[in-house]
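To keep things clear, I will list the structure first and then write my remarks on it.
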Amino acid sequence: MPISFYDFANLHHEEFKVKIKQRLNDIIDKNSFIEGEYNSKFEEKFAQLQKSKHCLLVANGTDALEIALTAYGIGPGDRVGVPGITFYATAEAVINRGATPIWIDIQPEDGLLCPESLKRMHAKYDLQAVMPVHIYGLPAPMEEINQFCHSQGILVIEDAAQAQGTFYKEGSPVGDTDNLVTFSFYPTKNLSAFGDAGGILTRDDRLKERIIVNRNHGRGDEQHVGRNSRCDHIQAAVLYTKLEEIEKFNEQRKKIAVKFHKALKETPLKTLPEKYLPLSSWHLYPTQLESISLREGLMEYLKKKGIPSAPFYDKALSQEGGLLKYKGEDTHAKNFAGKTLCLPMTPFITDEEIEFIVSEIKNFFSS
Ligand SMILES: *Cc1c(COP(=O)(O)O)cnc(C)c1O
């Protein structure tokens, strides 16, 4: 049996399927397709789980970033710090708002936004906002970032698309903050819909109202033009149903990460700092190799053995075609990209599979 990179068969097990089919039937029978009971049920329970106050469901994770920027009043003429290692959408949201992304370099050991680079880029470009990304599920260094941003009046939006299940520190999940925090519930994320969905967390009642107006055509506020970024009832029902098992599944990911971390010590692969083992959501399990060519070689070798792996992210954002004209710092981001290889990480990987993956990695290096 080949190993899965995203194991939908185990995620959508029989018991889950019976329950969700019943709920979807109900939705069809009631003709209740938009903003139904599961939307508000999910929003309430998710805000609680993440120790925030309000959760607002939207259509996807990129809209969540754009709407968060809109709620903060960020638009044309503004400059927003974006880390060099993240998914394209983080920068895309800034550009679609008419603002300009400024590259903030990463910490070389973990790919997370570097607070020192943030300080330098603010001195040079006068940032109005910054978007730290909890990339792979690792918590960005929020204490230092918050301290600096609050002292300078820089608005903070945390891109937590990969960080459902991440903790800043013990007892404090992503969302336990006064910043706006955004999620994607795309099918491959830790908490996932049957299509597109996203969410925004806030503790601010006024920001909550702005987001509600903005996501539904500006309804409720004649002064403002909004957009359509509603989350449909079917996706909300799927998300609400999956909340029942999400903490269990995230715990399983953490246990698997610990096992990989120990076993990979016997290989030349570099793992992420140990301090993240109990904190990360382990959305992905990134490792680092010495060079791009070694990474390509290992990827090919593993593929032949039925082990999928993925080079997230093989470029710094500053190196992506559509983004070349933007400025900032990217030395460490460029170096980090290209050397990273993500091994299979789902809540369902068995001890035998871990052993097999690690032994094939050893075989590659000894051949
Ligand atoms: C998935 C992802 C997004 C975008 O989410 P969509 O739901 O695909 O729009 C944004 N940022 C990061 C870091 C992501 O991983």
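What follows is calculated from the coordinates using simple rules that are stated; it is not laboratory data. Treat the numbers as computed from the prediction; the structure is a model and nothing was measured. Don't worry about glycine lacking a Cβ; one is built from the backbone with ideal geometry, like all the others, and counts go over all protein chains shown.
Odds and ends about this structure:
- Rough spin-label spacing in nm, given labels placed 7 Å along Cα→Cβ, for PHE365 and TYR6: 3.0
- Projected-area mean, region 214-267, by convex hull of Cα positions, square nanometres: 6.9
- GNM flexibility winner over the chain from GLN235, GLN152, GLN288 (Cα, springs under 10 Å): GLN152
- Over all projection directions, the Cα-based convex hull of region 308-367 averages an area of 6.1 nm².
- Looking at region 1-140 alone, DSSP beta bridges between its own residues are antiparallel in about 10 percent of cases.
- Hydrodynamic analysis of the chain uses the Kirkwood radius over alpha carbon pairs. Inserted into Stokes-Einstein at 10 °C and 1.306 mPa s, it gives a translational diffusion coefficient of 75 µm²/s.
- For LYS325, LYS208, order by how many other beta-carbon atoms lie within 10 Å, fewest first: LYS325, LYS208
- Sequence-separation-based contact order of the chain, relative, with Cα cut under 8 Å and 6+ spacing, percent: 23
- Each of VAL238, ALA263, VAL213 was placed along the dipole of region 211-356 (beta-carbon charges, centred on the mean Cα), and the one lying farthest toward the positive end is VAL213.
- Between GLN252, HIS283, TYR72, the Cα set farthest toward the positive side of the dipole of the chain (charges on each charged residue's Cβ, about the Cα centre) is that of HIS283.
- Full extension of the segment from LYS53 to ALA310, taken as 0.36 nm per residue of separation minus the current Cα-Cα distance, would add 88.9 nm.
- Antiparallel bridges, percent of DSSP beta bridges restricted to region 90-247 (to nearest 5): 55
- With both labels modelled 7 Å from their Cα along Cα-to-Cβ, the PHE33 to ARG219 distance reads 1.4 nm.
- Counting Cα-Cα pairs of region 213-367 in 5 Å increments starting at 0 gives whole-percent bin shares of 1, 8, 13, 15, 13, 12, 12, 11, 7, 4, 2, 1, 0, 0.
- With neighbours defined as other Cβ atoms within 10 Å of a residue's Cβ, the residues PHE356, PHE8, PHE183, PHE46 order from fewest to most as PHE8, PHE356, PHE46, PHE183.
- DSSP finds beta bridges in the chain, and of those with both partners inside it, around 60 percent are antiparallel.
- Here the dipole of region 192-310 is about 400 debye; that uses its Cα centre as origin and unit charges on the Cβ of Lys and Arg (positive) and Asp and Glu (negative).
- Comparing HIS150, HIS332, HIS261 in a Gaussian network model of the chain, where Cα atoms under 10 Å apart are tied by springs, the biggest mean-square fluctuation is seen for HIS150.
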